[in-house]
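Working notes for the structure below.
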Amino acid sequence: MTALQTRRAPCLETTALDELDGSFGGELLLPTSPGYDTARRIWNGAIDRHPACIARCAGVADVVAAVRFARERDLLVAVRSGGHGVAGHAVCDGGLVIDLSPMKGIRVDPQARTARAQAGVLWGELDRETQLHGLATVGGIVTHTGIAGLTLGGGIGWLMRKYGATVDNLLSVDLVTADGDLVTASAGENPELFWGVRGGGGNFGIVTSFEYRLHPVGPTVLAGPIFHRLEDAPAVLRFYREFAAEAPDELTTIFELGVAQQLPALPAEVHGKPIMMIGACYTGPPQDGVDVVRALKAFGRPIVDLLEPKPYLALQSMFDPFVPHGWHRYWKSVELPPLTDEAIDTLVEHSSAQTSPTSYCIVFQLGGALARVDEGETAFSQRSAAYNVNINAVWTEDDPGPEQHIAWARDFFDAIQSHAGGRVYVNFLGDEGQDRVRAAYGERNYERLARLKRVHDESNFFRVNQNIQPG
Ligand SMILES: Cc1cc2nc3c(=O)[nH]c(=O)nc-3n(C[C@H](O)[C@H](O)[C@H](O)COP(=O)(O)OP(=O)(O)OC[C@H]3O[C@@H](n4cnc5c(N)ncnc54)[C@H](O)[C@@H]3O)c2cc1C
């Protein structure tokens, strides 16, 4: 339990739950209920918490009822949507989990190029519906990540350099406040609250639905990974940084350093060996991207080149098999300016020293449309960094030495920090304390968020999160 969670957590009398039960359309799960153990589990298997009750909401009225119930009893509350948050804030010990994962409604308006989706929707589900019309919004790179947590933290993905962050494409939200009121926030309605939810996470209320702007995307895109041996990475990355710096907005790249999995697409002799991957997505007609990626495809001696036309939905599920639910994770993240020789060498050296074959380091190329929004425009403020580095220690439950994997991630982080500007993306944070939350927003945005928190949640009812303290 974190300090925030232990501040006060009165016991939940199970008899009191009868009262909530009477006004609840979804399911209330107690530790003795069938399904409780499945429902308390999240994507990060290292998180093992036991809430007193899990309120699986069927709709907005359930969210309102659960908030009012918890508020009246001063209960500790955690909010869960997709359950991907690595810090495990979607679940608490001994309190009430308000679980929106059953809320799956999606409505696409192809004429207006907008979509409204309820908070339990996952990116793969939203992409599937929008792609029916050849449309998409900026989402994450794994289909089973929730739209809710990702959007509320900012949102980066393959389309970001063309269309900005997910929050730059957010038109409105419906939100249940700490008082249990349902409000709408948009540019025209509660605009300051709308500023705050575009990056400020779950600090201001529970969002029940999101309205997004959509763009023509695919259905076929020129996209996919090119694999190189890790020993070639110093040269490949020196070429890549120049290539990426000149790339048009249509092109977003992501590279990863790790160990080759047993993919049929990879020759057997590299399975289990250190490897690097540069992935790219050209957001535009595939034929227009051919010249753009030519030099990237030609450089060095790739093991396999899968950067070719493919369905956008295939690109979006490309990473899914490597990030299954239940494995144990510890993440450290940092933002980098343009890559120097020293930063490249640090990335390669520490990746070569990883202690678990399932660990990896993934680096997102930022910039483009994402960087042309002023830092104060949304609470999400990762506008000027060139790269986002995520060092992911990963192991399975039966691993006898998880400490060494955590130590690897920490050492890596300490080494790369000296090349970084001190900022971090809030959605990649673990439970790392207030200084790191401040580092996600910068001083000016944090102070504005803290004032907003005081207006909407002075008692810090929503505190099991990357917490903004009421200012
Ligand atoms: C495999 C993987 C891939 C990822 N890829 C990307 C990526 O490509 N781009 C990117 O930007 N991020 C990515 N992330 C990070 C992701 O944005 C965060 O983990 C995000 O919190 C996930 O949202 P969720 O709804 O699934 O998680 P949850 O764990 O359910 O939610 C995380 C937190 O968000 C808050 N929250 C959730 N739902 C609500 C709600 N309805 N109302 C108010 N607050 C709420 C709560 O504080 C909650 O604890 C990835 C994460 C993983 C694990």
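The values are calculated or read from the model by the stated rules, or taken from the named source; none is laboratory data. Please read these numbers as outputs of a predicted model, since none were measured by experiment. Cβ sites come from the backbone with ideal geometry, for glycine too, and all protein chains shown count toward neighbours. Side chains included, ligands, DNA and RNA excluded: accessible areas come from the protein's heavy atoms. Shrake-Rupley method; radii C 1.70, N 1.55, O 1.52, S 1.80 Å.
Here are the numbers for the structure shown:
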| item | result |
| --- | --- |
| Residues satisfying the stated conditions in the range 423-455, i.e. of a type in the set (D, E, K, R), touching a Gly at 6+ places or on another chain (Cβ under 9 Å) and without any contact (Cβ under 8 Å) to a residue 60 or more places away in the chain | ARG436, GLU447, ARG451, ARG454 |
| Subset of the range 434-452 [under 22 Å from the mean Cα position of the chain (by Cα), within 16 Å of the ligand (Cβ to nearest atom) and open to solvent by less than 40 Å² (accessible area, probe 1.4 Å)] | ARG436, VAL437, ALA440, TYR441, LEU449 |
| Single match in GLY180, GLY82 (criterion: closer than 28 Å to GLY326 by Cβ and of a type outside the set (A, V, I, L, M)) | GLY82 |
| Total residues in the range 61-87, condition of a type outside the set (A, V, I, L, M, F, W, C) and either assigned to a strand (DSSP E or B) or surrounded by 22 or more Cβ atoms within 10 Å (Cβ to Cβ) (or both) | 7 |
| Residue count for the range 199-241, restricted to those that are within 14 Å of the ligand (Cβ to nearest atom), surrounded by fewer than 24 Cβ atoms within 10 Å (Cβ to Cβ) and either in a loop (DSSP other than H, G, I, E, B) or among the β-branched types (Val, Ile, Thr) (or both) | 0 |
| Residues of the range 128-158 satisfying the condition of being within 12 Å of the ligand (Cβ to nearest atom) and in a helix (DSSP H, G or I) | ILE147, ALA148, GLY149, LEU150, THR151, LEU152, GLY153 |
| From LYS104, LYS162, residue being assigned to a loop (DSSP other than H, G, I, E, B), charged (D, E, K, R) and either open to solvent by 10 Å² or more (accessible area, probe 1.4 Å) or without any contact (Cβ under 8 Å) to a residue 40 or more places away in the chain (or both) | LYS104 |
| Residue check for GLY83: small (Gly, Ala, Ser), within 14 Å of the ligand (Cβ to nearest atom) and over 22 Å from ASP457 (Cα atoms) | yes |
| Neighbours by Cβ (under 7 Å, 6+ apart or cross-chain): first from the range 287-313, in contact (Cβ under 8 Å) with a residue 24 or more places away in the chain; second of a type in the set (Phe, Trp, Tyr) and part of a helix (DSSP H, G or I) | ALA295/PHE243; LEU296/PHE243; PHE299/PHE239 |
| Filter pass, ALA58 being within 18 Å of ALA148 (Cα to Cα), assigned to a loop (DSSP other than H, G, I, E, B) and away from the ligand (no atom under 14 Å from the Cβ) | yes |
